[in-house]
Amino acid sequence: MFKFLFLLLIVSIISCKEVECQKIKYLATGNEYISIPTIRQNDAGIEKINFILMRYNGLIELSGDGNNHFIMPYIEVNNKCINIKNPKWIRDKFWIPNYNLEYQNIEIKGIIFTPVNERGLVYQLQLTNKSNSSLDLFAGIKVSWNNTYLTIYSHKQIIGNKKVIKPTWLNGIVIEFYTEVPTFAIAFGTEENKLLKIIPKEIFENGNDEKLNFIIGMEIKKLKPNEKNIINIYIGIGLEEYGAVTSVIQMRRNTYESIYNNTIKWLSDRTVISGDDYLDNIVNINYFYNHFFTTGYALDTDEIVLVTSRSSRYYVSSAYWDRDSMIWSFLPILERDKKYARKMLEYSFMRQIHNVGIHSRYINGTILEPGFELDELCAPVIALSKYIEKTNDMELLEEKYIQKGLNYIIEILETKKHPVKNLYKTMLGPSDDFEKYPYLTYCNVLVFKMLLDYSKLFKLIDKIDLSKKYENMAYEVRNDILSNCIVEGPFGKMFAWSVDLNGNYILNDEPAGSLKLLPYYSFCNIDDTIYQNTVKWIHSEYNIYSFSKSPLSEIGCSHSNHPWVLGLCNSLLSNMRADNAITILRKISFDNEVACESFDEVTGESRIGEDFASCAGFLSYSLLKYIKNNKLLK
């Protein structure tokens, strides 16, 4: 009996290791309208795609089932179906995934391409005959649309019907999804002069199918030795049949070459090159992931929308946080795309302003999770100030909705003020958890920074009295932080994490809002003794979340008890242990370079929060600052 149990244990361990080794790795791509978060590295299948629908306040996701992906490449050689297995991947301009493999004497290249400013994607297959004789081929994609979800944090099945249509004016097929009326549609087509084949033909006779499975592609007869054939399957979305069909036609009319070259130029204009291949991958891939997975256009309103992540692999996807969008996501985009950054501010100050500072909201601005966060209240103003500093866009600053939003934020701030002290309370901390003591040092430093920004902004529009008022308020906050938030620590005087103003305090730090960033927010100098003692405590064994004795030593917190990627960002931005952060960064096993929330302190494997898109943005921004500060740019 003991021997049997021992053997069973050994088998279990081996099985677990095999499962771990076989863990699926994903690539991602997307544009303003479509996100593709789960391209399987091992077989080039697309598990799901999604797009934003304001009508439903979240992401609409189309997927297959446990046995089928939403889209799979489908290739036959001499009537025999071949499997795409472990292809070699590269990214064009750090964003467009494409793969290569050889099957017997066929060279296969696939490109999964989401052109900028288009409502769709293209799955391209290039087949080259490397044999000495002609071959008959069939190439295209297999579509398995079995599930339709509304995703806001988690999946909610949408009950509806699919109607299959064969338009006379499209070389392809379109499927409308109905609830009471057509809710959206997706079209599949190819070049106008290509002979398209759809299997099974009965799909048109049935008209609709709850679980829709079909193959769409082209027969290639007698492909000669060394001859190449290229197949483009265009996939477009719209609110009903005509919108989806014209999305395909628009891409087709513009030609694949043109939309590809336009996208390459768009990506090139926003690419940073340092000469360090690893750092270039991280800074650029995370930038583009941030751009396309924290922002997008709603299919039904065409307005820009900001979210934590458009990937449902991230556990709080498809919702809005002021901090995530206005600090972590906004800053890298401001560095490389000022016009787009303005659109982000417009969304924040128009759609989201009436519930500013509330924990999280739906994309239409209504409350998702209640609870006040002081750092979130400050975030839009800090972002606006950064934008004006970069662009001198006085037109935006003088807009009535901007001025109204600034006044409203101050009104809310005043309701959080202590009756006597110039300190402001919060319910939730930067990690979105409840705080025992309401007056957080970091959050009040953000208030100090925000009030200084108010002073600068009002000075720019010649409101000198208001400018002076907010400057005075800022330094009153600073003085009361210095008077009430400094305590004795093991290394001398240091900043407390939080206080109750009755003598009680907590020593702590959180990656989502770290005391290490005090110099970054112009509160103190980096060589300030109290600040230095605080940083020393943060990274010492006195901090149970310091991981000071671990191989990969960076800060975590109770929200996720492992080192955080945001901790690396704080080290880079504060220039405190920045080189150590780079060393750790090179050892982390991101899922194809896209940032997660926390990583294992020993192995570097992702622990929680994969596809954390706003964190990807902050990582890209922090790393860009490090590259510039160390003069590494080419």
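All of the numbers you see were taken from the coordinates with simple rules; none came from a lab. None of the values given here were measured: they were computed from a predicted structure. Methodologically, a virtual Cβ is constructed for each residue, glycine included, from the backbone with ideal geometry; neighbour enumeration extends over all protein chains shown.
Entry note, the chain: relative contact order of 11 percent, from Cα contacts under 8 Å with a spacing of 6+ residues. When we measure straight from the Cα of Lys338, which aspartates and glutamates land under 12 angstrom away, once same-chain ones fewer than 8 places off are left out? Partners found: Glu389, Asp393. Does region 312-430 come out rounded, prolate or oblate, given a ≥ b ≥ c as the square roots of the eigenvalues of its C-alpha gyration tensor, rounded meaning a/c under 1.5 and, failing that, prolate meaning a/b above b/c? Oblate, since a/c reaches 1.5 and b/c is not below a/b. The Stokes-Einstein estimate for region 403-501, based on a Kirkwood radius over Cα pairs and taken at 20 °C with 1.002 mPa s viscosity, is a diffusion coefficient of 149 µm²/s. Span-like helix check, the chain: qualifying full DSSP H segments, with Cα axial length of 15 Å or more and mean Kyte-Doolittle of -1.0 or more, are 2-21, 241-254, 256-269, 277-293, 338-350, 374-391, 400-414, 441-460, 464-484, 613-629.
Contact order for region 453-498, expressed relative to its length and based on alpha carbon pairs under 8 Å spaced 6+ residues apart, stands at 23 percent.
Residues Ser360, Ser329, Ser589, ranked from the fewest to the most other C-beta atoms within 10 Å, line up as Ser589, Ser360, Ser329. On the principal axes of its alpha carbon atoms, region 22-269 extends 56, 45, 39 Å, with the longest extent given first.
Fewest neighbouring Cβ atoms within 10 Å first, the residues His291, His559 line up as His559, His291.
Shown for region 520-634 is the translational diffusion coefficient from the Stokes-Einstein equation, using the Kirkwood radius over Cα pairs, a temperature of 37 °C and a viscosity of 0.692 mPa s: 226 µm²/s. Residues of region 513-552 with an amide N closer than 15 Å to a point placed 7 Å from the Cα of Leu632 along the Cα-to-Cβ direction: none. If you bin all the Cα-Cα distances of the chain at 20 Å, starting from zero, the percentages per bin are 18, 48, 27, 7, 0.
Only helical runs count toward this figure. For the chain, summing -39,500 (n - 2.57) over DSSP H runs of n ≥ 4 and dividing by all residues gives -10500 deg cm²/dmol at 222 nm. Each Cα pair under 8 Å and six or more residues apart adds its separation to the average, and for region 22-269 the resulting relative contact order is 19 percent. Sorting Arg577, Arg310 by the number of Cβ atoms found within 10 Å of their own Cβ, with the fewest placed first, yields Arg577, Arg310.
Tally Lys and Arg at +1 and Asp and Glu at -1 over the other residues with C-beta under 15 Å from the C-beta of Leu368: what net charge comes out? Neighbourhood net charge equals -2. Taken one residue at a time, the phi angles of region 141-153 give Karplus couplings (6.51, -1.76, 1.60, θ = phi - 60°) of 10, 9, 10, 10, 9, 10, 9, 10, 10, 9, 10, 9, 6 Hz. Gly and Pro are set to x. Shown in residue order for region 77-94 are the 3J(HN,Hα) couplings computed by the Karplus curve 6.51 cos²θ - 1.76 cosθ + 1.60 at θ = phi - 60°: 10, 6, 6, 10, 6, 10, 9, 7, 9, 6, x, 8, 10, 9, 10, 6, 6, 6 Hz (x for Gly and Pro).
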